Amino acid sequence: MFNPQIFDELNFNQDECVIGVFKLENQKARLTFPTTHFMFFNIKRIHQIMATYGIDARQYKKIPRHLEDKLLSIKIGNHNYLKEYLNYFDTFNLILAMAFYEKLSARIPELSPDDLFHVGATSRGTNSIYSTYINIKILELSENSAFRRKYSNLYANFKDSKAVIEHMPGDLPALTIISQINQIASRLQKTPAKREASRG
């Protein structure tokens, strides 16, 4: 699912360094910032940050000394990296932290689930039961019969997607994920028909 009108939101204000629609929050520093799953960069501002502070987009396992005090002033440092679950700055996050130090902002437009939906961990594979479920649901789509014949052996332990549900927890978070996956599959199933109707 994707609403192309999202691109109408991509005009940067003067003090904005990035625009992104998926977000994380650093509770200790009280900073909310977008992730790189769907992000647009104010290149001019980003280049200024990189040049001013001598940083780039590598992984920083150790904070450069000349940035330590500046980061501490926004409650970021070795005790609290921008992504709280990491012990280093991953690609781009040190740049973004210094943008916050410069009092630049990161805009996160408010979107509905119908505008954009991110399906993760499909390219590299995972042992997650939810990943198995979405993969089988996609293979079950009528237009994917050739793929189903080729890849069904990867999920030989399950007769169909309903069999996967039996191995999932019955709590609310699991039911919510199942519902979201079913909505995605339903919309994907309807897409070919819409294309044929538009051609007619």
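Quick note: the coordinates plus some simple rules give every number you see, no bench work behind them. It should be emphasised that the depicted structure is a prediction, and the values quoted were computed from it without experimental measurement. Ideal geometry is used to build each Cβ from the backbone, glycine not excepted, and the neighbour counts take in all protein chains shown.
Numbers for the structure displayed
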| read-out | value |
| --- | --- |
| Gaussian network model of the chain, Cα within-10 Å springs - most flexible of Phe22, Phe158, Phe33 | Phe158 |
| At R0 = 35 Å, FRET efficiency that the Cβ-Cβ distance of Met168 and Glu16 yields, to 0.05 | 0.30 |
| Coordinate range along principal axes, alpha carbons of the chain, Å, largest first | 58, 42, 31 |
| Rounded FRET efficiency, nearest 0.05, which uses the C-beta distance separating Glu143 from Thr176 and R0 of 30 Å | 0.65 |
| Folded to 0 to 90 degrees: helix 172-199 orientation relative to the chain principal axis, Cα | 70 |
| Approximate spin-label separation Phe38-Arg187, in nm, with each point projected 7 Å along Cα-to-Cβ | 0.9 |
| Potential extension, Gln5-Ser128 segment - 0.36 nm per residue separation minus Cα distance | 41.0 nm |
| Degrees, to the nearest 10: 129-139 long Cα axis against longest axis of the chain | 50 |
| Sorted peptide list for 77-85, 58-66, criterion being average Cβ within 10 angstrom, highest first | 77-85, 58-66 |
| Calculated log₁₀ intensity ratio I(q)/I(0) where the Debye formula runs over C-alpha points of the stretch 1-72, q = 0.19, 0.25 Å⁻¹ | -1.04, -1.38 |
| Extended-chain gain in nm, criterion 0.36 nm per residue less alpha-carbon gap, His79 and Ala156 | 23.2 nm |
